[in-house]
Amino acid sequence: MWSCQPDLEYSIHGYTEKIIVEGSIANGEFPRVYLSLNVPLWLEVDSATILDKVIRTAKVTVSDGEHTEILTSRWDREHFPPYVYRGTELKGETGKTYSLTVEHSGYTIRAQTTIPAAPVVRGFNILTVENSDSLRILSTIVDIDSASGNGYRFYSKKQQDGFFVETPIVYNDQLSLYGEQEFMISPKPKAQFPSFDEGSYFMTGDSVFVKVCTIDSTTTNFFNSFSIDNFPGKDFFLGEHETLNSNITLPGFGIWYGYGVKNYLVVIE
């Protein structure tokens, strides 16, 4: 009789425990950093597993070369995992370079980013949806400088939801667009949101807060790879993803990025 014994020595499959970083700083805003340990591929990935991997005891420092701030940690109900390290003193400024240092369990990881110029937004268009009297499509026109090498991300928050939702596409992913370009703002609301039945559309009478963000080429390539590889949700907490262009030093992984942002309030008619 023969039997098969599974190989449980997972280290030979390339798994290495890493500190996963999702951090950002924008013009006029305080830095935010989310930390977790990566989840081994052999574990079931659910909210409980990821919450168990959240790092709550790190020392997180941000500096612009002149001023340095140690971020404070707190719960963040608008994000998952819902735990954030956030600044209260050092606000982002366009063109400045910001360094990030994370100290945890004897390890020190670092990253650096610069806040690009905020996008040049020419306006918004509201279009009707076929066979619907009340649903609308929202788009925005952005003037792209071909020399900038920037990508764009869009977020919208319907008043009844109370949370910003990202349009799940990295625009100008090939960094080849230039001039005035029209982009659709298409949220994917979660099932528990009041606007879930509206899908990727907006309802007449909605007051919609819109964030139009500029990201540099490093960040564009990271999130574009993330999108192409179709990792669900926030699953760069999983295993090893060689295709993602992390700018975090080992044993860290993830992204620390600056972004230029403009905020708008659009009333859907």
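The values are calculated or read from the model by the stated rules, or taken from the named source; none is laboratory data. Worth saying up front: this structure is predicted, and the values here are computed from it rather than measured. Every residue, glycine as well, gets a Cβ built from its backbone with ideal geometry; the counts of neighbours run over all protein chains shown. Heads up: the accessible areas ignore ligands, DNA and RNA and are worked out on the full protein's heavy atoms, side chains in. Shrake-Rupley method; radii C 1.70, N 1.55, O 1.52, S 1.80 Å.
Tabulated values for the structure
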{"read-out": "Within the stretch 96-116, tally of residues that are under 16 Å from Pro31 (Cβ atoms) and assigned to a loop (DSSP other than H, G, I, E, B)", "value": "3"}
{"read-out": "Boolean, Val142 is out of contact with any helix residue (DSSP H, G or I) (no Cβ under 9 Å at 6 or more places or on another chain) and without any contact (Cβ under 8 Å) to a residue 40 or more places away in the chain", "value": "no"}
{"read-out": "Leading residue by the ranking (modelled with the highest pLDDT) among those in the stretch 133-165 that are open to solvent by less than 30 Å² (accessible area, probe 1.4 Å) and part of a loop (DSSP other than H, G, I, E, B)", "value": "Asn150"}
{"read-out": "The stretch 57-71 - residue that is at pLDDT 95 or above and open to solvent by 50 Å² or more (accessible area, probe 1.4 Å) and, of those, farthest from the chain's Cα centre (by Cα)", "value": "Glu66"}
{"read-out": "Where Ile50 falls short, out of the listed (1) in contact with a Leu (Cβ under 6 Å, 6 or more places away or on another chain); (2) open to solvent by less than 20 Å² (accessible area, probe 1.4 Å); (3) at pLDDT below 95", "value": "(1)"}
{"read-out": "So Val210, is it over 13 Å from the mean Cα position of the chain (by Cα) and either more than 22 Å from Ile25 (Cβ to Cβ) or surrounded by fewer than 17 Cβ atoms within 10 Å (Cβ to Cβ) (or both)", "value": "no"}
{"read-out": "Candidates Pro194, Pro232 - the one that is part of a loop (DSSP other than H, G, I, E, B) and modelled with pLDDT under 85", "value": "Pro232"}
{"read-out": "Test: Asp197 is out of contact with any helix residue (DSSP H, G or I) (no Cβ under 6 Å at 6 or more places or on another chain) and surrounded by 16 or more Cβ atoms within 10 Å (Cβ to Cβ)", "value": "no"}
{"read-out": "Residue within the stretch 163-172 that is touching a Leu at 6+ places or on another chain (Cβ under 6 Å) and farther than 30 Å from Ala58 by Cβ present", "value": "no"}
{"read-out": "First in the stretch 55-79 and closer than 22 Å to Tyr107 by Cα, second anywhere and open to solvent by 100 Å² or more (accessible area, probe 1.4 Å) and assigned to a loop (DSSP other than H, G, I, E, B), Cβ under 7 Å, 6 or more apart", "value": "Glu69/Glu89"}
{"read-out": "Positions within the stretch 72-95 being more than 19 Å from Phe253 (Cα to Cα), open to solvent by 50 Å² or more (accessible area, probe 1.4 Å) and not in a strand (DSSP E or B), in sequence order", "value": "Arg77, Glu78, Thr88, Glu89, Lys91, Glu93, Thr94, Gly95"}
